[in-house]
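The values are calculated or read from the model by the stated rules, or taken from the named source; none is laboratory data. Given the structure is predicted, the values throughout are model-derived calculations rather than measurements. Cβ coordinates were reconstructed from backbone atoms using ideal geometry, including for glycine residues, and neighbour counts include every protein chain displayed.
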Amino acid sequence: MKKIYCLILFVFINSSFAKSFDTRPEVQQFIVTMVKKHNFEKNQLELLFNKYDTNQEVLQKIANPTEKLSWGQYKKLLISNERINKGKVFLKEHNKALLKAEKQFGVPKELITAILGVESFYGEVVGRFSVLQALATLAFDYPPREKFFRSELENFLLLIKEEKLNPHTITGSYAGAMSPAQFISSSYRAYAIDFANAGTKDLNNMHNAIGSIANYFHKHGWQSQGKIAVKTKQNNPINLPKQTALLEFVGENNNKEYWLGFNNFTVITKYNNSNNYAMAVYQLAQELGLEG
């Protein structure tokens with residue numbers, strides 16, 4: 001009984017210190033900036049931030065991202081038979097939109113599908129966190145990347161204003177990524193397109209997500225006939241051409257793999273700045289039928 005009482009007291013004491021974001025000086029300064037810079041209404045932003053406080057789970061998750069895993073662990077997690085089989089079904093179900101995107105932007109349908117497979121299991125896992133709360137938490141309580149996340153919070157507020165979205169109903173990843181495509185707010189504003197001709201750039205529309213991913217890669221310099229990566233040996237006497245990198249991956253049993261990453265590999269890292277991520281996308285795309 002004493003332990004239960006102490007636990008309840010601990011929770012009560014900690015919750016009593018939780019402050020809604022609008023009461024914090026740095027948030028008030030951010031609000032003033034948004035009013036001056038983008039003509040937001042001060043009281044509306046205060047009401048918005050009043051509904052949320054710091055999400056500790058967000059801080060825990062960003063401190064331990066899956067990209068920290070070794071390549072062997074990461075590959076086992078993301079390139080499973082279930083994900084491959086689901087991807088093959090997705091290719092058939094969305095073949096028309098995928099072919100349209102491939103033709104228009106030069107990005108292979110298998111690669112677009114692999115992005116969706118890695119990011120959200122083809123739209124089935126888009127995230128459960130309030131995007132507004134997650135971004136505010138990282139913007140004001142995560143000093144290592146506060147500049148980046150304050151910019152994303154600014155972009156999120158502009159996004160909901162431009163697209164007339166309800167900020168309280170938008171959920172996503174702990175880092176504020178949204179929809180099957182898992183676009184962050186700045187990418188949403190810059191690269192989302194109405195690929196479905198539905199009169200909206202809503203990325204929860206799968207056709208919009210497909211076209212927007214292809215558009216993202218196109219805008220970042222995807223080469224339609226370019227290679228992505230080629231396996232090699234550590235001591236190969238190679239004079240690497242421009243836009244080519246020698247990549248090292250630690251596989252299962254700590255065995256090392258060496259790959260040459262070309263321009264298109266670098267483009268994949270623009271989506272997520274991790275070599276493990278880019279290699280997982282590439283190898284999943286190969287499992288789905290990508291040639292070369």
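Looking only at region 118-144, residues that are touching a residue at least 60 places away in the same chain (Cβ under 8 Å), over 19 Å from D202 (Cα atoms) and in a helix (DSSP H, G or I) come to 9 in all. Kindly indicate the residue of region 232-253 that is of a type outside the set (G, A, S) and in contact (Cβ under 8 Å) with a residue 60 or more places away in the chain and also nearest to A214 (Cα to Cα) among those meeting that condition. The extreme case among them is F249. For region 248-260, a residue qualifies if it is over 20 Å from Q223 (Cα atoms) and in a strand (DSSP E or B), and the qualifying residues are E248, F249, V250, K256, E257, Y258.
Of all residues in region 16-64, those that are in contact (Cβ under 8 Å) with a residue 24 or more places away in the chain, aromatic (F, W, Y) and outside any helix (DSSP H, G or I) total 2.
Selection of region 214-266 for residues being under 20 Å from I79 (Cα atoms) and aliphatic (A, V, I, L, M) yields I228, A229, V230, L247, V250. Residues in region 50-80 that are touching a Phe, Trp or Tyr at 6+ places or on another chain (Cβ under 7 Å), over 14 Å from A134 (Cβ atoms) and surrounded by fewer than 18 Cβ atoms within 10 Å (Cβ to Cβ): T66, E67. Assigned by TED's automatic domain parsing to the domain that holds E46, touching a residue at least 12 places away in the same chain (Cβ under 8 Å) and touching a His at 6+ places or on another chain (Cβ under 7 Å), is that true of L158? Judged against the criteria, L158 is a match.
Any residue at all in region 191-200 that's under 17 Å from L48 (Cβ atoms), of a type outside the set (V, I, T), assigned by TED's automatic domain parsing to the domain that holds Q44 and outside any loop (DSSP other than H, G, I, E, B)? Let's see the steps before the verdict.
Within region 191-200, the first condition is being under 17 Å from L48 (Cβ atoms), and the residues that meet it are none.
Looking through region 191-200, none of the residues is under 17 Å from L48 (Cβ atoms), of a type outside the set (V, I, T), assigned by TED's automatic domain parsing to the domain that holds Q44 and outside any loop (DSSP other than H, G, I, E, B).
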